[in-house]
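These notes are about the structure you will find just below.
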Amino acid sequence: MLRPVTNPGAVATLQKDLNNLPEALARALVLRGIDTFEKAKHFFRPSLDALYDPFLMQDMDAAADRLAQAVRQGERVVVYGDYDVDGTTSTALMMHFLQQMGVEADFFIPNRFTHGYGLHTDGIDRAVAWGARLLITLDCGITAVDEARYACEKGIDLIICDHHTAGDATPEAVAVLDPKRPTCAYPFKELSGCGVTFKLVQATLQRLGKPIDTALPYLDLVAVSTASDIVPLRGENRILMREGFHQLRHTPRLGLRQLALQAGLDFDGVTVDRIVFGIGPRINAAGRMGEAGRAVKLLLTDDPTEAADLARILDKANQDRRALDREIQMQAVRQAEIQLGARMRHVLVLHDAEWHQGIIGIVASRIVERFHRPAVMLCTTNGEVKGSARSITGINIYEALKACDDLLIRFGGHDYAAGLSLLEANVPAFRERLNEVVDGMMQPEMLIPAIEVDARLDLNDLDDRFWRVLKQFAPFGPENMKPIFEARDLHVVGPLRAVGQESDHLKLSVRQHGTRESQVCPVIAFGHGDKLTAIEAARRQGLPLDMLFSVEENTWQGRTTLQLRARDLQVQAE
């Protein structure tokens with residue numbers, strides 16, 4: 001489906017202003033809201049100078065003043081993080097900052113299985129026992145009304161740093177930093193939890209009269225969190241990501257270097273995908289398997305031996321996680337097929353008491369991909385049903401859960417991902433209610449997977465300049481995905497074969513049909529091995545192909561070439 005451009009004149013203007021930029025690239029820019037020369041300049045050359053003043057965030061004055069006081073007076077501080085990538089990178093960032101400022105600091109990461117998500121009284125008690133007066137929550141706390149009251153009763157000052165959707169009531173604390181608070185006027189709402197933490201550090205440095213650039217070495221952590229937490233890659237996130245990638249290429253911290261070695265990654269060519277599929281899962285595995293503190297220790301250590309040992313432990317935890325992932329996914333697919341076979345379901349609510357709580361979020365995402373419906377995965381822990389929800393474009397799963405809050409013990413999250421808990425007796429009623437709610441949100445077209453196309457492209461336009469400009473669209477992620485192009489009338493040339501252990505992928509080469517002098521482009525088509533026979537028959541009959549694809553680099557044996565990654569292939573009818 002070709003994405004419509006609401007202002008076609010902007011495409012032609014941008015082409016002209018950007019020195020005859022190819023139309024396909026100009027169209028892709030306009031679709032991303034980049035419709036003027038000035039916006040294009042900021043898009044292609046994001047600068048730290050364009051970051052917003054952290055004091056624009058509600059409560060930042062109070063937060064920076066209190067943290068600066070702790071630094072000046074040498075107070076003990078406890079950092080309370082979350083057990084996922086965003087939470088552990090946030091914790092490592094704040095701990096590193098406090099240590100750099102000479103503060104005696106400790107951290108507490110809740111155990112996924114015994115504490116669950118969010119601020120827990122055990123962490124507050126730890127701070128009291130250790131003699132701390134200040135507790136900082138990172139990537140959690142925005143809905144912790146009761147826990148905040150408990151901290152106050154215990155004489156603990158509380159600073160909350162979060163980025164999740166706020167509840168109806170705001171916790172009472174020294175400061176509550178969350179750009180998503182309805183009353184917060186901060187111009188950019190989509191920072192990761194680590195991004196909010198970075199803003200607090202920036203503001204505190206200013207209060208201490210220290211150079212704000214002191215915070216720049218932390219941007220490798222911000223980049224890892226921004227990539228892994230699937231936040232929109234526009235605005236400040238794009239700036240932080242670009243600068244963080246620069247840090248990862250040139251001076252990544254020791255723990256991240258060791259994780260990259262375990263994952264077989266080279267930070268020289270760092271991309272969002274390499275973080276999401278290589279680094280993120282290994283950090284997440286620590287919390288999913290019960291020991292998130294190990295990830296924080298890895299990100300903080302300067303000892304090469306300790307870093308290597310911890311990276312190996314996290315890699316092993318990730319291997320164990322993947323084995324559980326496969327087993328639970330098979331069971332979840334069977335449940336989903338039964339539910340869909342029994343009646344029409346707009347959302348899948350799957351429950352098995354024995355499923356591993358640390359794995360169900362990953363599997364929920366797989367179920368969404370396979371069945372193209374929102375999915376909730378539930379397991380039972382210590383007598384309480386806990387779960388993870390994932391959604392599709394157009395369905396705000398947080399709002400859907402909010403309509404079921406009388407059946408839930410607690411819930412929290414954002415548009416596409418959320419966590420929840422409920423009594424086992426309420427699971428059937430919750431399944432029915434959630435389906436009614438999502439049914440009211442659902443439009444028929446939402447259930448049909450569609451590939452949105454940025455522009456049509458003649459392969460003869462795919463030259464060196466095209467690729468140089470396209471590379472500058474990166475980093476790619478939500479709201480700035482890799483552009484998808486459509487090419488028609490393609491002729492298959494050279495070898496055509498199925499590849500992969502189960503022959504489920506295709507490798508081929510194509511050029512524009514009827515233009516023998518045009519360049520030949522190699523193609524990899526993951527998951528399209530079943531089309532081999534049809535494409536072979538089309539080649540014999542002289543029938544051209546239409547293809548949807550992205551453009552990427554492929555490095556093999558030290559040689560890098562351009563490659564088209566097919567998203568869909570279709571033989572033209574005779």
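In this structure, does residue 169 turn out to be crowded, with 17+ Cβ neighbours inside 10 Å and either outside the structural domain of residue 419 (by TED's automatic domain parsing) or assigned to a strand (DSSP E or B) (or both)? Answer is no for this residue. Working only within segment 75-87, note down all residues that are of a type outside the set (Phe, Trp, Tyr) and either at pLDDT 95 or above or farther than 24 Å from residue 418 by Cβ (or both). Matches in segment 75-87: 75, 76, 77, 78, 79. Is there a residue being of a type in the set (Lys, Arg), out of contact with any His (no Cβ under 8 Å at 6 or more places or on another chain) and within 19 Å of residue 31 (Cβ to Cβ) anywhere in segment 468-482? Looking for residues that are of a type in the set (Lys, Arg), out of contact with any His (no Cβ under 8 Å at 6 or more places or on another chain) and within 19 Å of residue 31 (Cβ to Cβ), one finds at least one in segment 468-482, hence yes. Every condition in (1) at pLDDT below 90; (2) farther than 16 Å from residue 562 by Cβ holds for residue 518 except the one numbered (2).
Name the residues in segment 532-552 that are touching a residue at least 40 places away in the same chain (Cβ under 8 Å) and either buried (at least 16 other Cβ atoms within 10 Å of the Cβ) or more than 15 Å from residue 511 (Cα to Cα) (or both), would you? Answer for segment 532-552, where residues must be touching a residue at least 40 places away in the same chain (Cβ under 8 Å) and either buried (at least 16 other Cβ atoms within 10 Å of the Cβ) or more than 15 Å from residue 511 (Cα to Cα) (or both): 535, 536, 538, 539, 544, 545, 547, 548, 549, 550, 551, 552. Candidates in segment 388-412 are the residues that are touching a residue at least 24 places away in the same chain (Cβ under 8 Å) and either in the same structural domain as residue 116 (by TED's automatic domain parsing) or in contact with a Ser or Thr (Cβ under 7 Å, 6 or more places away or on another chain) (or both); of these, the one that is farthest from residue 280 (Cα to Cα) is 409. Between 175, 227, which is touching a strand residue (DSSP E or B) at 6+ places or on another chain (Cβ under 8 Å) and within 24 Å of residue 144 (Cα to Cα)? Going through 175, 227 in turn, the sole match is 175. For first residues located in segment 352-369 and assigned by TED's automatic domain parsing to the domain that holds residue 286, partners that are in a helix (DSSP H, G or I) and β-branched (Val, Ile, Thr) and lie 6+ apart or on another chain with Cβ distances below 8 Å do not occur. Annotation note: Cβ proximity below 7 Å between a residue of segment 307-322 that is under 9 Å from residue 285 (Cβ atoms) and a residue that is of a type in the set (Gly, Ala, Ser) and assigned to a helix (DSSP H, G or I) (sequence gap 6+ or interchain) occurs for 314/285; 314/286; 314/295; 317/285; 317/286; 318/285; 321/285. A single entry from 139, 84, 49, 53 fulfils the requirement of being surrounded by 24 or more Cβ atoms within 10 Å (Cβ to Cβ), out of contact with any strand residue (DSSP E or B) (no Cβ under 9 Å at 6 or more places or on another chain) and within 28 Å of residue 230 (Cα to Cα): 84.
Would you confirm whether or not segment 53-70 contains a residue that is of a type in the set (Lys, Arg) and outside the structural domain of residue 287 (by TED's automatic domain parsing)?
Applying the first criterion (of a type in the set (Lys, Arg)) to segment 53-70 yields 66.
Still in the list and also outside the structural domain of residue 287 (by TED's automatic domain parsing): none.
No, segment 53-70 contains no residue that is of a type in the set (Lys, Arg) and outside the structural domain of residue 287 (by TED's automatic domain parsing).
The values are calculated or read from the model by the stated rules, or taken from the named source; none is laboratory data. In this text the structure is predicted, and so the values were computed from the model without any measurement. No Cβ is skipped: glycine too gets one built from the backbone with ideal geometry, and neighbour counts run over all protein chains shown.
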